[in-house]
Amino acid sequence: DFVDATGDGDLSAMAGASFQYGRKSDGQTHAYSQASGRVYVNDNTSEPRLTMANFDAGWVDSTNIEDLTRARLTAISQYHDMSLTVNPRLTSIAPSIGIRQGRQILTDVVVTMDDYIRGKRYDDVIGWAGAHHENHAVDYELESDESVFWIWGCQSWLAPTFSEIPYRMLLPKHFHNIWIACRAAGVDIDSHHSFRMQRDMQRLGEAAGLAASIAVKNDCTSRQVPYSELADTLMKSGALDSDQINHFPDFGGLSRLRYTEDPPERHIEKAIQAVREGTGGPLLWHLYKSQLPIDAELAAISESKHTDGSWQAALVLAIRNNPQAESRLLKAIRKREDCWNKKAPHSAFAITRWMTAVAMLRCCGTSACVPLLTQLANDPDLTLQPKLTIAATAERLVSRLGKEIVMPLALALNSYHP
């Protein structure tokens, strides 16, 4: 029996386990860091205290030893010009880079971004995990549709997400004697950003180690481990003590979004009312995932004169692949509309409405959007990020509408010279 705590799931991968690596658009993973220790002296009290700096140093292929070396040299070089006399003063540099993401091994259960946002429950829970969508991406236009919708559309970079951790996310498919106890465990590329913290890895390590010992004692496979015995052991250790949920800052507020005491019809009614008032925020996600017939009502709101309400209704229609969102999205582009909630504490990740509209057209755009996108692409003052957003949308439009219809837009993009 083996507990794979290699970080990138090296043991499982070498054994032949299937895995995902990086986002779909370009294979990029989360940025790595190069932490350092500092001494900070308070100007008022002259009292020193130890601090840490943990900045994004670049990107790395964590499965490639040559690229790991290159990344370390790149990270260290960023300290060359740092003065040793400033406050705070550098005291140490971490002996290795901080890798946030690599392989994601495919396991019996793969926890998704939706699971974290809506707080999924599992019958084989081994603990809890929670964080906001802690993705440091500087090019969200190349992220998944759901990430764009959650961050740019719902403006929810700092909104809390919280989920139970299922035992089955430790079990690589087709293997009966391996437990994953590292960041390579069974989460998808998007949900990984909410599940990579030290506390999460500690929880996985404890559960995997205990499960392996129970398997050896009972002479059984990883899937035959009696959950009741594992749960009892985790309860005694405190891992399954529900009081720890309260230690996640502000994550208790997410329970209000789940509406656990209301039937689905009632909580969707509340969410739609929030959209009418232009206060949807994270509630837009619940409308996106609703199985109820709500598109007609959302379409009516998208055509209303309420600027914020119509915008949010269109966002939900767009992520639901409904072309009725298109007219409101095109309006945002024509008018170059700005952010709908500039007061949000996470506004640094809230892109303009018109940029969000360009991105969401990849989900719902028809041939009607091509002329305006072509006009936009021909704007000589447009910077690189809007161009990349248009290009990402054009790529999707080609797959849905065909090359001939999207050709004018492709030609406009091809003529761009930064």
- prompt: So, of the residues in region 194-216 that are open to solvent by 10 Å² or more (accessible area, probe 1.4 Å) and under 24 Å from the mean Cα position of the chain (by Cα), which turns out to be nearest to Gln101 (Cα to Cα)?
  reply: Arg196
query: Looking only at residues in region 84-93 that are of a type in the set (Val, Ile, Thr) and part of a loop (DSSP other than H, G, I, E, B), which one is most open to solvent (accessible area, probe 1.4 Å)?
result: Thr85
query: Quick check: is even one residue across region 179-187 under 17 Å from Arg100 (Cα atoms) and open to solvent by 40 Å² or more (accessible area, probe 1.4 Å)?
result: yes
message: Tell me the residue from Asp67, Asp81, Asp61 that is in a loop (DSSP other than H, G, I, E, B) and under 30 Å from Glu395 (Cα atoms), please.
response: Asp61
- request: Within region 153-168, track down each residue that is part of a loop (DSSP other than H, G, I, E, B), under 11 Å from the mean Cα position of the chain (by Cα) and crowded, with 24+ Cβ neighbours inside 10 Å.
  value: Ser156
Those residues of region 9-51 which are among the charged types (D, E, K, R) and either in contact with a Phe, Trp or Tyr (Cβ under 9 Å, 6 or more places away or on another chain) or at pLDDT below 95 (or both), in sequence order: Arg23, Lys24, Asp26, Arg38, Asp43, Glu47, Arg49
query: Any idea how many residues of region 223-243 are surrounded by fewer than 12 Cβ atoms within 10 Å (Cβ to Cβ) and assigned to a loop (DSSP other than H, G, I, E, B)?
result: 1
field: Subset of region 269-291 that is open to solvent by 50 Å² or more (accessible area, probe 1.4 Å) and not in a helix (DSSP H, G or I) - its residue that is nearest to Phe149 (Cα to Cα)
entry: Thr279
query: buried (at least 17 other Cβ atoms within 10 Å of the Cβ), assigned to a loop (DSSP other than H, G, I, E, B) and over 17 Å from the mean Cα position of the chain (by Cα): does that describe Cys220?
result: no
task: Determine which member of the set Leu397, Leu372 is surrounded by 15 or more Cβ atoms within 10 Å (Cβ to Cβ), over 26 Å from Glu277 (Cα atoms), of a type in the set (A, V, I, L, M) and over 27 Å from the mean Cα position of the chain (by Cα).
output: Leu372
- request: Among the candidates Ile126, Ile76, single out the residue that is open to solvent by less than 50 Å² (accessible area, probe 1.4 Å), in contact with a helix residue (DSSP H, G or I) (Cβ under 7 Å, 6 or more places away or on another chain) and aliphatic (A, V, I, L, M).
  value: Ile126
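The values are calculated or read from the model by the stated rules, or taken from the named source; none is laboratory data. As the structure is a prediction and not an experimental result, all values here were calculated from the model. Glycine also receives a Cβ, built like all others from the backbone with ideal geometry; neighbour counts cover every protein chain displayed. In case anyone asks, the SASA skips ligands and DNA or RNA and just uses the protein heavy atoms, side chains included. Shrake-Rupley method; radii C 1.70, N 1.55, O 1.52, S 1.80 Å.
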